[in-house]
Amino acid sequence: MVKGAFDGVTVLDFTQGVAGPHASMLLALHGADVIKIEPPEGDWGRALGELKGDHCAHSIAFNRGKRSIALDLKSPDGIAVVKKLAAKADVVMESFRPGVIGRLGFGYEDLKKINPKVVYCSISGFGQTGPYSKRPTVDGLIQAFSGMMVMNKMPDGTPWRQGMIAVDVTTGLYTFQALAPAIMRQFRFGEGCYIDSSLMRAAAAYQGAKLMEWVFSKGNPPVLYMPAGSYKTANGYIMLSAMRPHHFRLLFELIGREDIANDPDLQSHDNRIRNAAKIIKALNETMPQKTTEEWIEILQPKDVFCERVNNYTDYLQHPHVKATGAVDWIEQDGMGALPVANIPGLPRASEHPPQQYAPHIGENGPEILRELSYSAADIDAMLSRGGVRAPAPAVKAAD
């Protein structure tokens, strides 16, 4: 197995949901020992969708490669365990509402007193400061707040939320991107730091070009080019993209619409956008006359950009996906075989299956306590007092 970039790095991970767990999972897949601190009832992200035992698809997708210990952070035992873990952690991550972690005694100012080189990252909806800092939020609300829903509007102008947790996942990527150089600075210069990551700022960074475009277009950004969109065929949908003039002409010649190819009102980029309704009408009239596959056989050999609109089954079964190793399948107990999209820059999931395993609630608690030099008697006493939740077969996903 190839050495991970973060082998030897210990991460104390208080985060729940998707954004923080996504970032810490990326650290884990790159070799870090990520110790997931969960409340006794488990990370609330375990219930994002259909639940099997104590897992759902999201909790598996974003918690692979970690170890879990379930603690009551208000109990003496829970506090003692966290202090021991924090003293040796290279990275601490949390996603409580701003101010909560400080009241628990594990904020950045508290922990840097016992661990001056710690890289500490807080992930929240609106950030740690400002009038909205304590405002509760979720992915869809940030899509609304950030303007994303307006940019994703329906043809009738209705703002529309993306069906995926796009902001959470993007926040995880930006947070990982912030943590990686912070860990490098820690390694090279012995410096710790504090990172304030938020869904609000990640959503804006993701839409950075659109923010600029909105300003210089005075709130009326044009479409990038025309045609670009999905159109109904005889058996499904096809996505068409014809940005360059020769692509536009070739597309309409190949589908038998020379009237559009030669239309004097459609011979420039600006005119095609201005007269988009004429182009869309022609495509809606013509594309249903053949199947998606028939159109692709006509268009792709001539380098006209087009693609079948797939669902996830289509993608997973596609010969190109299989040939390139873009997806592997892993076994998660109680869930059966699940697809894992292999992440660019990381080994394939099939090359290290144990690293793809997502822990159950508190599954690794006893081993983590042993590593902290607690005796067997101490561990039994802690489990009996309830400050540390014992792993129990009852919480494991059923077959």
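Throughout, read-outs are computed from the coordinates displayed, never taken from laboratory work. Not measured: the values here are computed from a predicted model. Neighbour counts run over all protein chains shown; Cβ positions are idealised from the backbone, glycine included.
The mean sequence separation of alpha-carbon pairs under 8 Å and at least six residues apart, normalised by the residue count of segment 228-311, gives a relative contact order of 43 percent.
Answer with one residue from Ile273, Met154, Gly102: the one whose Cα lies farthest towards the positive end of the charge dipole of the chain, charges on Cβ with Lys, Arg +1 and Asp, Glu -1. Value computed over the given set: Gly102. Note on segment 228-311: with charges restricted to the Cβ of Lys and Arg (+1) and Asp and Glu (-1), its dipole about the Cα centre is near 220 debye. For segment 33-121, the convex hull spanned by the alpha carbon atoms encloses 101 Å³ per residue. Per the Debye formula with a single identical scatterer at each Cα and no solvent contribution, what log10 I(q)/I(0) holds for segment 1-44 at q = 0.26 Å⁻¹? The Cα Debye sum returns log10 ratios of -0.86. Note on segment 151-276: the C-alpha convex hull projects to 12.3 nm² when averaged across all orientations. Glu38 sits among other residues whose Cβ lies under 14 Å from its own Cβ, and their net charge, with Lys and Arg +1 and Asp and Glu -1, is -2. Label positions at Lys3 and Glu294, each projected 7 Å from the Cα along the C-beta direction, are separated by 6.0 nm.
Overall, the chain carries a charge dipole of about 1040 debye about its Cα centre when +1 sits on the Cβ of Lys and Arg and -1 on the Cβ of Asp and Glu, all other atoms neutral. The distance linking segment 228-307 with segment 318-393 is 48 Å (Cα centroid to Cα centroid, whole angstrom). The distance from the alpha carbon centre of segment 112-187 to that of segment 15-91 is 18 Å, rounded to a whole number. Given a Förster distance of 45 Å, report the FRET efficiency between Ile343 and Glu258 from their Cβ-Cβ distance, rounded to the nearest 0.05. Between Ile343 and Glu258 the formula returns 0.45.
Find out how many positive minus negative residues lie around Val9, taking Lys and Arg as positive, Asp and Glu as negative, among other residues whose Cβ is under 10 Å from that of Val9. Taking every other residue near Val9 into account, the sum is -3. Put a plus charge on the Cβ of each Lys and Arg, a minus charge on the Cβ of each Asp and Glu, and nothing anywhere else: the dipole of segment 55-172 about its Cα centre is then about 340 debye. Going from the residue with the fewest nearby Cβ atoms within 10 Å to the one with the most, Arg188, Arg249 rank Arg188, Arg249. Panel order for Cys306, Cys121, by other beta carbons found within 10 Å of each beta carbon, from fewest to most: Cys306, Cys121.
Could you list the residues of segment 142-178 with an amide nitrogen less than 15 Å from a label point located 7 Å from the Cα of Val215 in the Cα-to-C-beta direction? Output list for this probe position: empty. Rounded, prolate or oblate: which fits segment 328-380 when a ≥ b ≥ c are the square roots of the eigenvalues of the alpha-carbon gyration tensor, with rounded for a/c under 1.5 and prolate only if a/b beats b/c? Prolate, because a/c is 1.5 or more and a/b exceeds b/c. By the combined test of axial Cα extent (at least 24 Å) and Kyte-Doolittle hydropathy (mean at least 0.5), the qualifying DSSP H helices of the chain come to 166-189. By the gyration tensor of its Cα atoms, with a ≥ b ≥ c the square roots of the eigenvalues, what is the shape of segment 193-339: rounded for a/c under 1.5, prolate for a/b over b/c, or oblate? Oblate is the answer for segment 193-339, as a/c is 1.5 or above yet b/c matches or exceeds a/b. Listed peptides 374-387, 67-80 appear in the order 67-80, 374-387 once ranked by packing, highest mean of other Cβ atoms within 10 Å at the front. Take the Cβ atoms of Ala277 and Asp72, set R0 to 56 Å, and the FRET efficiency comes out at 0.35. Taking each pair of different alpha-carbon atoms in the chain once, compute 1/r for the pair, average those values, and report the inverse of that mean as the Kirkwood hydrodynamic radius in Å to one decimal. Value: 24.1 Å, from the Cα pair sum.
The helix-based estimate of mean residue ellipticity at 222 nm for the chain, built from -39,500 (n - 2.57) per DSSP H run of four or more residues and divided by its residue count, is -11000 deg cm²/dmol to the nearest 500.
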